[in-house]
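The values are calculated or read from the model by the stated rules, or taken from the named source; none is laboratory data. Everything numeric in this text was worked out from a predicted model, so none of it was measured. Note that we place each Cβ from the backbone using ideal geometry, even for glycine, and neighbour counts take in every protein chain shown. Heads up: the accessible areas ignore ligands, DNA and RNA and are worked out on the full protein's heavy atoms, side chains in. Shrake-Rupley method; radii C 1.70, N 1.55, O 1.52, S 1.80 Å.
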Amino acid sequence: MSFLQLEVRAGRNQYNGKLYYGLINKLGNEQAKLGTHYSHAQITFFKSVLEVIVSDSSLKGEISVIQALNLRLEGKNEQQSQGETSTQVPTMALTLAQKEKTLEELVHDRWLVQTADGMVHLGVRSFLELWNIFKNYDVPVCDICNEASIKAQACQNEECSVRMHSYCLKAKFFRPQVPRVCPKCGTAWEVSSVDVPQNRGTPHTNEGNRERSERPPGDLCSTPVRKRYRSLWES
C-alpha cells in the first residue's frame, strides 16, 4: 500500500463515537483530483457547507438543509495553474435543484449525513480523509484526543478554550472518584448521569452475604449479573 500511496486510516465519527477504518489515497496531486465525479461547482458547494459546519461556534457541527441550499457560490473564484500561466476559473452557480442533487450525492458517498430533522452533519468519509484540512479552518482540538472538536462540548468558562468530545468525556470521567472539572481552569463540568456512571457507594457486606446465603447452591441461572461499564476507547 505504501508503494501505491495508500494507507489504512482510523477515524472516529464525532456524532456517535464509533470508530471506522478506511483505505485512503495519500496523494493530492492533479491526477488524483481527476478521479472525482464531482464538478468544480459541486466541490465548491461542498467546501462552503464544510466551512459552515466546522465554524459552528456552538460546537454542534451541523447546518440545516435549508441553510445549505441557500449558500451563495457566485462570488467564489479559484486559481488553476497551467504550466507557468495562471488563469481564473469562475465558480459556476448551481440551481436549487442542482444543489439538492449534489447534497444527495454527498450523503450517498458518505461525505455528509442528512438527519431526519433536516440537519446536515459531516460523514465518516470526511473524518477519515479531511482531518488535515480541519487545521486550515483553525478548528479547536479536543483536550483529550487532540483531534478537531467539530462536535464537542466546551468549558462553561467563556474565557477557557478547552473542548472535549462527548466520548472523550465519558472516558475521562469514567471513574466516579475523578473530579468532574475542567482540566485547565478547574470549572465544574456538567456531565449527564446517563452518560457517566455515578458513585452509588459500596454495598453493605452483610447484605451481600445474605443474598448469597438465600440463593440455592448451584443455581447459576439465578445469579444476578452485574452491569460492567466499558470505556468507549475499547474497540
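Okay, here's what the table says:
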item	result
Residues that are of a type in the set (Ser, Thr, Tyr), assigned to a loop (DSSP other than H, G, I, E, B) and surrounded by fewer than 14 Cβ atoms within 10 Å (Cβ to Cβ), drawn from the stretch 2-25	2
The stretch 42-59 - residue that is part of a helix (DSSP H, G or I) and without any contact (Cβ under 8 Å) to a residue 24 or more places away in the chain and, of those, most open to solvent (accessible area, probe 1.4 Å)	47
Hey, residue 146 farther than 19 Å from residue 188 by Cβ, part of a loop (DSSP other than H, G, I, E, B) and more than 12 Å from the chain's Cα centre (by Cα) or not	yes
Total residues in the stretch 162-192, condition part of a loop (DSSP other than H, G, I, E, B), in contact with a Gly (Cβ under 9 Å, 6 or more places away or on another chain) and open to solvent by 30 Å² or more (accessible area, probe 1.4 Å)	1
Complete set of residues in the stretch 143-157 that are under 12 Å from residue 54 (Cβ atoms) and either of a type in the set (Lys, Arg) or in contact with a helix residue (DSSP H, G or I) (Cβ under 8 Å, 6 or more places away or on another chain) (or both)	148, 150, 151, 152
Test: residue in the stretch 135-149 that is open to solvent by less than 20 Å² (accessible area, probe 1.4 Å), within 22 Å of residue 70 (Cβ to Cβ) and of a type in the set (S, T, N, Q)	no
Residue count, the stretch 11-54 (criterion: modelled with pLDDT under 90, more than 13 Å from the chain's Cα centre (by Cα) and closer than 30 Å to residue 153 by Cα)	3
Out of 152, 93, sole residue that is open to solvent by less than 70 Å² (accessible area, probe 1.4 Å), hydrophobic (A, V, I, L, M, F, W, C) and touching a Pro at 6+ places or on another chain (Cβ under 9 Å)	152
Any pair with Cβ under 6 angstrom, 6 or more apart, that starts in the stretch 156-178 at a residue that is under 16 Å from residue 14 (Cα atoms) and at pLDDT below 90 and ends at one that is of a type in the set (Gly, Ala, Ser) and assigned to a loop (DSSP other than H, G, I, E, B)	171/231
Selection status of residue 128, modelled with pLDDT of 90 or more, closer than 25 Å to residue 16 by Cβ, part of a loop (DSSP other than H, G, I, E, B) and within 14 Å of the chain's Cα centre (by Cα)	no
